[in-house]
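This report concerns only the one structure given below.
The values are calculated or read from the model by the stated rules, or taken from the named source; none is laboratory data. Please read all numbers here as calculations on a predicted model, not as lab measurements. Cβ: placed from backbone, ideal geometry, glycine included. Neighbour counts: every protein chain shown. Heavy atoms of the whole protein, side chains included, go into the accessibility calculation; ligands, DNA and RNA do not. Shrake-Rupley method; radii C 1.70, N 1.55, O 1.52, S 1.80 Å.
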Amino acid sequence: MSSNRYVRGAALAAIAGMGITFAAFGHASVPGAAEAWRTWGQSATAYIPASIDTRFRGRVDYRDFDGRVAGVMADPSMVGLSVAVIEDGRISFAKGYGTTQAVGGTPVDSHTVFRWASLSKGVAATMVGELAAEGKVSLDAPVSAYATTLRLPMGGETRATVDDLLSHRLGIVRNAFDNKLEAGMDPRVLRPQLVGAKFQCAPGACHTYQNVAFDAASEIVQNLTGKTYQSAVQQRLFQPLGMVDASVSRAGLVASRSWAKPHVGLRRTVTVNDNYYRVPAAGGVNSSILDLARWMQAQMGAAPEVVPNRVLDVIHAPRIYTDRHRGMFNQAMGASQYALGWRDYNYLGHRLIGHQGAVMGYRATVLFDPVKRSGIAMLWNSQSGKPVALQLELLDRLYGLPRRDWLGLDKAQTVSPLAQTVTTPLED
């Protein structure tokens with residue numbers, strides 16, 4: 001089936017089954033909604049209305065929420081930010097804030113491209129999950145069955161399953177050899193050397209987050225499809241979902257019409273390197289906030305022809321508890337579990353699925369309630385942790401909970417612990 005047919009099918013399914021409403025994109029006037037949907041895939045901006053659609057009556061006061069986001073942007077560590085909210089399956093809010101670069105940048109809009117960092121892991125899990133649903137790979141088979149370069153202590157690659165790989169249960173020390181990857185070493189050279197990595201537990205017994213090892217997933221996809229990982233993802237997922245700004249390479253980022261430059265410290269622009277692009281399954285995806293919103297809708301089950309529900313059921317099912325306790329967000333979420341490329345949370349009795357990402361000069365997050373088909377996605381080009389609290393503010397609004405000042409904006413003297421700058425190279 002051609003990608004154009006997939007795009008048209010996804011668009012029609014969205015209209016008929018979900019009633020998607022786009023809002024707050026900051027673009028000039030556009031054609032009517034019906035004509036807009038007919039042009040999906042032909043024009044990157046034709047279907048985007050100019051302002052908030054007041055016909056949609058959801059739980060969230062988006063003008064108030066917009067003000068909260070503006071408060072975040074007042075923080076001196078922020079440069080650019082894109083935010084999208086999905087409510088009842090609709091993209092009910094999406095807007096760019098700030099600029100692509102601290103000095104001489106252009107305004108961020110809904111098509112400005114950022115890096116996803118570790119949100120990329122959900123793409124890899126979806127790809128492998130679809131191949132598993134087709135019988136081309138078994139999640140219960142050892143990683144060694146699929147001719148990857150991964151080697152683990154004591155022959156662990158013959159015992160660690162594909163499921164273990166995608167849920168970070170390989171048994172080696174957390175973030176093994178990330179430092180060597182950042183020093184410029186080829187991950188295909190590093191993965192065999194993991195045979196000498198520090199041993200934490202037997203495969204499957206504990207959760208230790210990985211990047212170099214996790215990218216064995218890209219080798220599995222390439223070996224089974226006969227295509228590069230980038231091509232397989234584009235053809236099987238991004239194009240059918242109408243993710244017109246998405247790519248899986250440094251070249252794809254810098255070739256974008258509008259792309260956000262990375263910043264560290266207090267708004268210092270730095271150069272984009274290709275370290276984590278060389279582990280594409282772990283951290284290689286780029287896109288606009290619109291594309292990330294479409295991806296979130298697909299993970300909610302909105303595009304079963306592209307991402308079947310049977311795949312979502314498998315990759316979203318929790319495998320193992322993790323030890324994330326630091327920070328306001330993690331404390332609010334309580335004990336979290338890791339699925340395949342995704343985290344499972346519980347916020348006051350509501351099951352949530354999400355992930356966070358961080359690579360030098362960029363941060364990203366996605367979080368959604370699969371039952372209510374509602375959630376939030378954000379992309380920004382600095383190392384500030386401040387926007388993370390917006391997720392909690394939105395959840396309280398979605399669930400009709402008493403308003404809490406998670407951002408610390410209501411009192412000038414209040415400083416949220418999430419406002420601190422963080423420098424971890426690639427987080428989860």
Any chance region 156-163 includes a residue that's touching a residue at least 60 places away in the same chain (Cβ under 8 Å) and touching a Phe, Trp or Tyr at 6+ places or on another chain (Cβ under 8 Å)? no
When region 131-177 is checked residue by residue, the ones that are open to solvent by less than 10 Å² (accessible area, probe 1.4 Å) and in a helix (DSSP H, G or I) are Leu131, Val143, Gly156, Val162, Leu165, Leu166
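Residues checked against (1) more than 19 Å from the chain's Cα centre (by Cα); (2) touching a residue at least 60 places away in the same chain (Cβ under 8 Å); (3) open to solvent by less than 10 Å² (accessible area, probe 1.4 Å):
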{"site": "Ala197", "(1), (2), (3)": "yes, no, no"}
{"site": "Gly204", "(1), (2), (3)": "yes, no, no"}
{"site": "Glu219", "(1), (2), (3)": "yes, yes, no"}
{"site": "Leu224", "(1), (2), (3)": "yes, yes, no"}
{"site": "Lys227", "(1), (2), (3)": "yes, no, no"}
{"site": "Ala232", "(1), (2), (3)": "no, yes, yes"}
{"site": "Phe238", "(1), (2), (3)": "no, no, yes"}
Looking at region 253-283 only, could you name the residues that are free of Cβ contacts under 8 Å to residues at least 60 places away in the same chain and farther than 19 Å from Leu81 by Cα? Ala255, Asp274, Tyr277
Identify all residues within region 306-348 that are assigned to a strand (DSSP E or B) and in contact with a Lys or Arg (Cβ under 9 Å, 6 or more places away or on another chain); write none if there are none. Ile320, Gln337, Tyr338, Arg343, Asp344, Tyr345
Selected residue [of a type outside the set (D, E, K, R), part of a loop (DSSP other than H, G, I, E, B) and open to solvent by less than 10 Å² (accessible area, probe 1.4 Å)] from Gly301, Gly242: Gly242
Given the condition assigned to a loop (DSSP other than H, G, I, E, B) and closer than 28 Å to Met73 by Cβ, answer yes or no: does some residue in region 349-358 qualify? no
What's the total number of residues in region 241-259 that are under 16 Å from Asn381 (Cα atoms) and in contact with a helix residue (DSSP H, G or I) (Cβ under 9 Å, 6 or more places away or on another chain)? 3
Please verify whether Val366 is in contact with a Lys or Arg (Cβ under 8 Å, 6 or more places away or on another chain) and not hydroxyl-bearing (Ser, Thr, Tyr), treating the condition exactly as stated. no
Which residues, taken from region 72-93, are open to solvent by 10 Å² or more (accessible area, probe 1.4 Å) and in contact (Cβ under 8 Å) with a residue 40 or more places away in the chain? Asp75, Pro76, Asp88, Arg90
Consider only pairs whose beta carbons are under 9 Å apart and that are at least six residues apart or on different chains; among these, list those whose first residue lies in region 326-346 and is farther than 19 Å from Trp116 by Cα and at pLDDT below 95 and whose second residue is of a type in the set (Lys, Arg) and surrounded by 17 or more Cβ atoms within 10 Å (Cβ to Cβ). Asn330/Arg324; Met333/Arg324; Met333/Arg343; Ala335/Arg324; Ser336/Arg324; Ser336/Arg343
Can you work out which of the residues in region 310-326 that are more than 19 Å from the chain's Cα centre (by Cα) and farther than 19 Å from Asp163 by Cβ is most open to solvent (accessible area, probe 1.4 Å)? Arg326
With the first residue restricted to region 295-310 and required to be over 16 Å from Leu131 (Cα atoms) and touching a residue at least 12 places away in the same chain (Cβ under 8 Å), and the second required to be part of a loop (DSSP other than H, G, I, E, B) and open to solvent by 20 Å² or more (accessible area, probe 1.4 Å), Cβ contacts under 7 Å at 6 or more apart or on different chains are Met300/Pro370; Met300/Arg373
What number of residues in region 178-206 are assigned to a loop (DSSP other than H, G, I, E, B) and in contact with a helix residue (DSSP H, G or I) (Cβ under 6 Å, 6 or more places away or on another chain)? 2
Let me spell it out: the conditions are (1) modelled with pLDDT under 95; (2) within 27 Å of Thr208 (Cβ to Cβ); (3) open to solvent by 10 Å² or more (accessible area, probe 1.4 Å), and Val388 meets all of them except one. Which number is the exception? (1)
